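Student: Just dropping this structure here.
Quick note: the coordinates plus some simple rules give every number you see, no bench work behind them. Just so you know, these numbers come straight off a predicted model, no measurement behind them. Please note: Cβ atoms are built from the backbone with ideal geometry, for glycine as well, and neighbour counts cover all protein chains shown.
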Amino acid sequence: MKSNALWLTMRTGGWCGIISLLLFFGIAVGTEQLFWQSLDMQTARQFLEYHGQNPYYQISIYGHLLIGFAMLFMIISFLGLKTYLETEKNWLWIKSATIFGVLACAIMVLQCTVQGTVMVKMGSYFLRFDDEIQQNIILRIYWSLRQIDQGIDLAFDMFFFTAWILLAIYMWKSPGFGRVFSILGIGLFGAATIINGITAPIPPSFEISPFVSLWILAVMIQMIRIGNKLKKENLHKMMSMEG
């Protein structure tokens, strides 16, 4: 790719990645930790009662949709990083890593839309019945449907972790990233793979995602820095040619 297009690709990919992380954790932390935790939801019954009525119905579904939308920005980041890391020698592995990353993002979009829909629709069904037996049936159906989340989440982990491990491997010899990014990336995602594999299909109680997210954020910032550097080099070449 021509250098004038590469710097723009890198900067766009980096900014899209940062937007993705901000959206994902902003919605997740903002709604889950600050909003939903402030409500009295000690039981599954209370959970469904809240999710089946306004305005909690809308808050839940749109929160899930925004998290899914954040993954669309992450796809652009994967494509931008692929453009920079890909060479003739490693094109198959980098292309495979990019495909895995794009598939992982698509799986997360699916999970968020399905999860949000199940929550609000089952909540609305729950409120339609006054009979305790019928409500218990809805509760059993709800918990059965929520088990699907674990399978989808496990599929996301498989593709997402593999994508970043492959990309981190080829950061080793990349002039823009180097060994520190490579070692940290392989180590963090390798540990995440092992931990999630041990507890599968149940998500682990110990969350390594904050550390993984910080590494991804550092990669996105570095992509922007690389893009800025390439832009300056391109401008310098153009000025030299004109001179």
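Student: Which is the longest stretch in the chain that no exposed loop site breaks, taking sites as chymotrypsin sites (Phe, Trp or Tyr not before Pro) with a DSSP loop state and at most 13 other Cβ atoms within 10 Å?
Tutor: With a cap of 13 other Cβ atoms within 10 Å, the longest stretch comes to 1-128.
Student: List the relative contact order of the chain as a percent without decimals, with contacts defined as Cα pairs under 8 Å and 6+ residues apart.
Tutor: Relative contact order, the chain: 30 percent.
Student: In the chain, if the dipole is taken from +1 on Lys/Arg beta carbons and -1 on Asp/Glu beta carbons about the Cα centre, which of GLY17, SER124, PRO201 is farthest to the positive end?
Tutor: Ranked along the dipole, the leading option is GLY17.
Student: Of all the stretches in the chain, which is the longest one without any exposed loop site, taking trypsin sites (Lys or Arg not before Pro) in a DSSP loop (any state but H, G, I, E, B) with at most 15 other Cβ atoms within 10 Å?
Tutor: 3-88
Student: Pick from LEU81, LEU39, LEU48: which residue has the top mean-square fluctuation in a GNM of the chain where Cα pairs under 10 Å get a spring?
Tutor: Residue with maximal mean-square fluctuation among LEU81, LEU39, LEU48: LEU39.
Student: To the nearest 20 Debye, how big is the dipole of the chain about its Cα centre, given +1 on the beta carbon of each Lys and Arg and -1 on that of each Asp and Glu? Before the final figure, lay out each step's value.
Tutor: Working: 17 positive and 14 negative charges, 248 e Å.
The calculated dipole for the chain is roughly 1180 debye.
Student: Where the centre of each part is set by its Cα atoms, how far does segment 60-90 sit from segment 181-227, in angstrom?
Tutor: Comparing the Cα centres of segment 60-90 and segment 181-227, I get a distance of 15 Å.
Student: Pick from THR43, THR193, THR162: which is most flexible by mean-square fluctuation in a GNM of the chain where alpha carbon atoms under 10 Å apart are linked?
Tutor: THR43
Student: Angle, helix 179-199 long axis vs. longest principal axis of the chain, Cα atoms, 0 to 90°, nearest 10?
Tutor: Result, in degrees: 20.
Student: What is the angle, in °, between the Cα long axis of helix 132-169 and the longest principal axis of the Cα atoms in the chain? Nearest 10 is fine, range 0 to 90.
Tutor: 10
Student: Provide the gained length on full extension for the span LEU79 to LEU127, in nm with one decimal, where the gain is 0.36 nm per separating residue minus the Cα-Cα distance.
Tutor: 12.8 nm
Student: Using a Gaussian network model of the chain with C-alpha springs under 10 Å, which one of ILE148, ILE67, ILE27 is most mobile by mean-square fluctuation?
Tutor: Taking springs between Cα atoms under 10 Å, the residue moving most is ILE148.
Student: Can you run phi through the Karplus equation (6.51, -1.76, 1.60; θ = phi - 60°) for segment 85-99 and list ³J(HN,Hα) in whole Hz, with x for Gly and Pro?
Tutor: Once θ is set to phi - 60°, the couplings for segment 85-99 become 7, 6, 10, 5, 6, 10, 4, 5, 5, 5, 5, 5, 4, 5, 4 Hz.
Student: With runs of 4+ DSSP H residues as the only contributors, calculate the mean residue ellipticity of the chain at 222 nm using -39,500 (n - 2.57) per run, divided by the residue total and rounded to the nearest 500. Show your work: numbers first, answer last.
Tutor: On the way: 7 runs with 194 residues, N = 243.
Here the helix-only value at 222 nm equals -28500 deg cm²/dmol.
Student: Viscosity 1.002 mPa s, temperature 20 °C: what is the translational diffusion coefficient of segment 1-158 from Stokes-Einstein with a Kirkwood Rh over Cα pairs, rounded to a whole number of µm²/s? The partial results should precede the final answer.
Tutor: Values: Rh = 17.7 Å.
Diffusion coefficient, whole number: 121 µm²/s.
Student: For a Förster distance of 22 Å, can you work out the FRET efficiency between the beta-carbons of TRP143 and GLN42, rounded to the nearest 0.05?
Tutor: Given R0 = 22 Å and the Cβ-Cβ separation, E is 0.90.
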